[in-house]
1. Once you have a ≥ b ≥ c as the square roots of the Cα gyration tensor eigenvalues for segment 1-71, tell me rounded if a/c is under 1.5, and otherwise prolate or oblate according to whether a/b is larger than b/c.
2. If one computes the Cα centroid of segment 17-57 and of segment 95-112, what distance in Å separates the two points?
3. Could you work out how far apart the two model spin labels at residue 37 and residue 132 are, taking each label as a point 7 Å from the Cα in the direction of the beta carbon, and quote it in nm?
4. Once label points are set 7 Å from the Cα along Cα→Cβ at both residue 119 and residue 81, what is their separation, rounded to one decimal in nm?
5. Find the accessible area per residue for the chain; the probe is 1.4 Å, ligands and nucleic acids are left out, and the unit is Å².
6. Looking only at 92, 131, 37, which one moves most when the chain is put into a Gaussian network model with springs between Cα atoms under 10 Å?
7. With a 1.4 Å probe and all protein chains left in place, how much of the accessible area of the chain comes from carbon and sulfur atoms, in whole percent?
8. Take each uninterrupted DSSP H stretch in the chain, measure its Cα extent along the helix axis, and return the ones at 15 Å or beyond whose mean Kyte-Doolittle hydropathy is at least -1.0.
Amino acid sequence: MMIIEILKGTPFWVWLVLVFLLKRGIASLQDREVRLNRMFVLPLIFLVWGFHSIVSNPNHLETSILMMLFGLLIGCSVGWRLWKNQEPLRYNIEKTMIISPGSYLPLFLSCSAFFIKYILGVTFAFHSEFNNSLDYLMIYAFLTGFIDGLFWGRLFHLLQSFKKLTSHRLRSYNS
C-alpha cells in the first residue's frame, strides 16, 4: 500500500524525466548520429535538477553546495574513466555529425541516477527531519553532484575524442 501511495504522490514531471531518460538510454544502445550540442542535454538536465534540489532546502546550504561540487569533481573523474575504454567516436563530415558508438553505460547510468535521486527524494518526503540533518544533506548533495559528474565526465571525454578526431581529419585534409 505504501508503494502505491509513493507512486501516486510522485509529481507528473518526474515520470516525464524517467521516460526521457529511458528513451535516451535505449537510443544509446545503438550507434547514432548526433550533433555536438545535443551531447550537452543530459549533463545539463542533471545539473539543473541537482542544483535545484540542493538550493530548494536552505538548511546548511553552503555545505551542501560544496559537497555537490566535490561530488561533481569526483563523478567527473569516474565518468571520464568509465568512457575511457569505450569505442572511439566517428565523424560524418558530410552531415557534420558525430557518430556516437552504442553503449549500455548511458542507459545504466541514467536509470541508476534517476532511482537514486528518486529514493533520496522520497526519503526527504517521508522523513522531514532529514531537512535539518547535516549528515544526510551532505550525503544527498555529494550523491547529487557525483551522479551529474558521471555525465559531465562522459561529455568531457567525448569532447576530447571529438577534438582529436577533427584535428586528425584537418591535418589529413591539409596534407
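1. Numbers: a/c = 2.96, a/b = 1.21, b/c = 2.45.
In terms of gyration-tensor shape, oblate.
2. Here the answer is 11 Å between Cα centres.
3. Each label point is offset 7 Å from its Cα along the Cβ direction, giving 4.8 nm.
4. With each label placed 7 Å out from Cα toward Cβ, I get 2.2 nm.
5. 60 Å²
6. Of the options given, 37 has the highest mean-square fluctuation.
7. Details: 7200 of 10510 Å².
Looking at the chain in its full context, I get 69 percent from C and S.
8. 12-27, 41-55, 61-84, 105-126, 134-174
The values are calculated or read from the model by the stated rules, or taken from the named source; none is laboratory data. This structure is a prediction, so every number in the text was calculated from the model and none was measured. Glycine also receives a Cβ, built like all others from the backbone with ideal geometry; neighbour counts cover every protein chain displayed. The protein model used for the area step is the full one, side chains on, heavy atoms only, and it has no ligands, DNA or RNA in it. Shrake-Rupley method; radii C 1.70, N 1.55, O 1.52, S 1.80 Å.
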